[in-house]
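The values are calculated or read from the model by the stated rules, or taken from the named source; none is laboratory data. If you're wondering where the values come from, they're calculated on a predicted model, not measured in any experiment. No Cβ is skipped: glycine too gets one built from the backbone with ideal geometry, and neighbour counts run over all protein chains shown.
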Amino acid sequence: MPELPEVETTRRGLEPHLQGRRIHGVILRRPDLRWPIPPEVERELPGQRIAAIRRRAKYLLLDTDAGSALLHLGMSGSLRVLPGDTPVRTHDHVDISLEDGRLLRFNDPRRFGCLLWQPSGETHELLRDLGPEPLDDAFDGDYLFARSRGRSAPVKAFLMDQRIVVGVGNIYAAESLFMAGIGPLREAGKVSRERYQRLAMAVKDILGHAITRGGTTLRDFISPDGAPGYFEQELSVYGREGEACVRCGRVLRHASIGQRATVWCGHCQR
Ligand SMILES: [Zn+2]
């Protein structure tokens, strides 16, 4: 599944091809993805200039004066900028053609992605209750400490709650907790301010590193220019249950938290 670093990598890859370009037309090869594609996408986008391509959490927004196309890659979606005469393959659901003859093509075999519409000056309901971006200054140890008081949920579930902070998926939560030395099952409300400061730093370090490298990978992903967009990342705990801790050599433990597999070192993480 594309995680925040892959979505940010996609955004950065698309930006030079899309920003400032005028949209010629929209071709929808099916009426829905995860949800129905609203009529404004076909009606409003043609003729509009793309002022910016932004990311919020794992959503991408194509901003125009009329409003923004809101895209999510879901489990298996990819976006590429292609020559206008590129043959259509299976699962190529949407083309947004540009006046320069190229097109932005959305392919999504599993159709968990979406294409929605956010009118100018409004915030789509999917974006309304989201927490801060993990790489923004508003996200830090003091913030996590304040938001966690009185919460009995495991700290890993707390960290993966999009209302607390966006874009920290299962891999990055597990790796950040390992880096910060915090046991994933510990109650969020009982983690100290100092340890939350380490955790916020770890989240920023790990996500920042993944973005620099073009995103981690567990799955095939095609970046905007057609090259693989995910890179293998050195994972310390995620997916390593039963193996030796890279720090102390003890066998890594595993459990399920909120139906997500969790791996940690019982010695290095308290
Ligand atoms: Zn260890």
Quiz item: Would it be correct to say that Gly20 is assigned to a strand (DSSP E or B) and at pLDDT 95 or above?
Solution: no
Quiz item: Is it the case that some residue within the range 193-210 is of a type in the set (Ser, Thr, Tyr), part of a helix (DSSP H, G or I), modelled with pLDDT of 95 or more and within 16 Å of the ligand (Cβ to nearest atom)?
Solution: no
Quiz item: Does Pro184 satisfy the condition of being in contact with a strand residue (DSSP E or B) (Cβ under 6 Å, 6 or more places away or on another chain), at pLDDT 90 or above and surrounded by 14 or more Cβ atoms within 10 Å (Cβ to Cβ)?
Solution: yes
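Any residue at all in the range 121-142 that's of a type in the set (S, T, N, Q) and modelled with pLDDT under 95? It would help to see each step written out before you state the result.
Filtering the range 121-142 for residues of a type in the set (S, T, N, Q) gives 123.
Still in the list and also modelled with pLDDT under 95: none.
Looking for residues that are of a type in the set (S, T, N, Q) and modelled with pLDDT under 95, one finds none in the range 121-142, hence no.
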Quiz item: Could we say that Gly249 is at pLDDT 95 or above, of a type in the set (Gly, Ala, Ser), within 16 Å of the ligand (Cβ to nearest atom) and more than 30 Å from Ala146 (Cβ to Cβ) here?
Solution: yes
Quiz item: What pairs come up if the first residue lies in the range 242-268 and is closer than 16 Å to Ser176 by Cβ and touching a residue at least 60 places away in the same chain (Cβ under 8 Å), the second is in a strand (DSSP E or B) and more than 14 Å from the ligand (Cβ to nearest atom), and their beta carbons are under 7 Å apart, counting only those six or more places apart or on different chains?
Solution: Ile257/Pro154; Thr262/Ala255; Thr262/Ser256
Quiz item: Looking at (1) modelled with pLDDT under 90; (2) closer than 30 Å to Asp129 by Cβ, which is the only condition Ile222 fails?
Solution: (2)
Quiz prompt | Filtered residue count, the range 12-45, keeping only those that are at positive phi and surrounded by 15 or more Cβ atoms within 10 Å (Cβ to Cβ) | solution = 0
